[in-house]
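These notes are about the structure you will find just below.
Just so it is clear, none of the values below were taken in a lab; they were calculated from the coordinates. Keep in mind that this is a model prediction, so the values were computed, not measured. Cβ coordinates were reconstructed from backbone atoms using ideal geometry, including for glycine residues, and neighbour counts include every protein chain displayed.
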Ligand code: ASP
């Protein structure tokens, strides 16, 4: 291996993971960093690695991105993703329906169009035009969960489709207590040339209103990368958007030259605003932070000369 030592770090979303699911979730994250590390070791770019890791996680069950993602109030999947690198490449896609790897579509938007954010039908049309693989991401497990969440709302006294809609409209944080889990995926990478990249992908939030786009599609909120650092966020996206969390944490990383302090500060801002938030952040010197205010933030990484995979919750 020549040049500097590359790093790949991924997350699998903040929340509270049932004990029984932890091994499978960490297994998917570890497989993703291993695959991305092969690209980095072969001289691939940080962007290649971050996008590849996220695409692998989009194919994994249980994680809330791509296949088996969460569903909106109408029981449909609407996927958000974004990518950015330290050379200035950046784009996001929102509310896409049947694209197998929304993160690859976000990269294509960045590399092949003049646009920075594309949504819904037009984004899907571009994916088809470019020949990207398509797939309906709705799994049987997600359908059952959707029905179960609606039942629990009704048991809680919210009856009738209008009442459910009104509830979802105003009380997303209460809804999130029903399911207690986010499981969005994200990656940050540093390559042998010292370039950084970040990527994020999600199905969003259970029972979100149809048409809602969250932080994971939005450059600055769910994803940010420049010469000072790379960051991917997870949590209540509507609050993370207001904080511009990823841009904020990279700016503070540049200011403090201390990635841990920067991540703590932005997560503290999220806590003060009562926003569930998790961040992974990577600085150009290879230092990194995994910071959150929930029970778990599953993550995995490959660093160091031995290229060993480490993971944790
Ligand atoms: N941030 C995502 C969203 O709000 C959800 C998550 O992190 O799991 O769409």
Estimated translational D of the range 14-56 in µm²/s (Stokes, Kirkwood radius over Cα pairs; 4 °C; 1.567 mPa s): 116
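Provide the gained length on full extension for the span residue 272 to residue 313, in nm with one decimal, where the gain is 0.36 nm per separating residue minus the Cα-Cα distance. Can you show the working numbers first?
Working: separation 41, 0.36 × 41 = 14.76 nm, distance 2.29 nm.
Stretched fully, the residue 272-residue 313 segment lengthens by 12.5 nm.
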Rounded tilt (10° steps) of 140-155 against the dominant C-alpha axis of the chain: 50
Label-point gap, in nm, between residue 306 and residue 264 - each point 7 angstrom along Cα→Cβ: 2.8
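Regarding the range 79-120, what is the average projected area of its C-alpha convex hull, in nm²? Display every interim value, and only then the final one.
Values: hull surface 10.1 nm².
For the range 79-120, averaging the hull's shadow over all directions gives 2.5 nm².
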Going by alpha carbons, how many degrees (0 to 90, nearest 10) lie between the helix axis of 102-112 and the longest principal axis of the chain? 60
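Quote the Stokes-Einstein diffusion coefficient, in whole µm² s⁻¹, for the range 180-303, based on the Kirkwood radius over alpha carbon pairs, a temperature of 25 °C and a viscosity of 0.890 mPa s.
Details: Rh = 14.1 Å.
Answer from the Stokes-Einstein relation: 174 µm²/s.
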If I model a spin label as a point 7 Å beyond the Cα along the Cα-Cβ vector, how far apart are those points for residue 89 and residue 130 in nm? 1.0
Please give the FRET efficiency for residue 5 paired with residue 209, using the beta carbon to beta carbon distance and R0 = 41 Å, rounded to the nearest 0.05. 0.40
Multiply the residue gap between residue 139 and residue 255 by 0.36 nm, knock off their C-alpha separation, and tell me the result in nm, one decimal place. 37.4 nm
Does the range 262-308 classify as rounded, prolate or oblate by the C-alpha gyration tensor (a ≥ b ≥ c root eigenvalues; a/c under 1.5 gives rounded; else a/b over b/c gives prolate, otherwise oblate)? oblate
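Want the number for residue 24 to residue 285: 0.36 nm per residue separation, take away the alpha-carbon distance, what's left? If you can, show how the numbers build up before the last one.
On the way: separation 261, 0.36 × 261 = 93.96 nm, distance 3.15 nm.
Length difference between fully extended and current span is 90.8 nm.
Take the alpha carbon gyration tensor of the range 1-126, find the square roots of its eigenvalues, order them as a ≥ b ≥ c, and report rounded if a/c is under 1.5; if not, report prolate when a/b exceeds b/c, else oblate.
Numbers: a/c = 2.47, a/b = 1.07, b/c = 2.31.
Oblate, because a/c is 1.5 or more while a/b does not exceed b/c.
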Rounded to the nearest Å, the spacing of the alpha-carbon centers of the range 288-313 and the range 58-88 is 21
Hey, got the Cα dimensions of the chain along the principal axes, in Å, largest first? 62, 44, 35
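Hey, with R₀ at 45 Å, roughly what FRET efficiency would residue 98 and residue 193 work out to, going by the Cβ-Cβ distance, to 0.05?
Working: r = 35 Å, r/R0 = 0.79.
With a Förster radius of 45 Å, E is 0.80.
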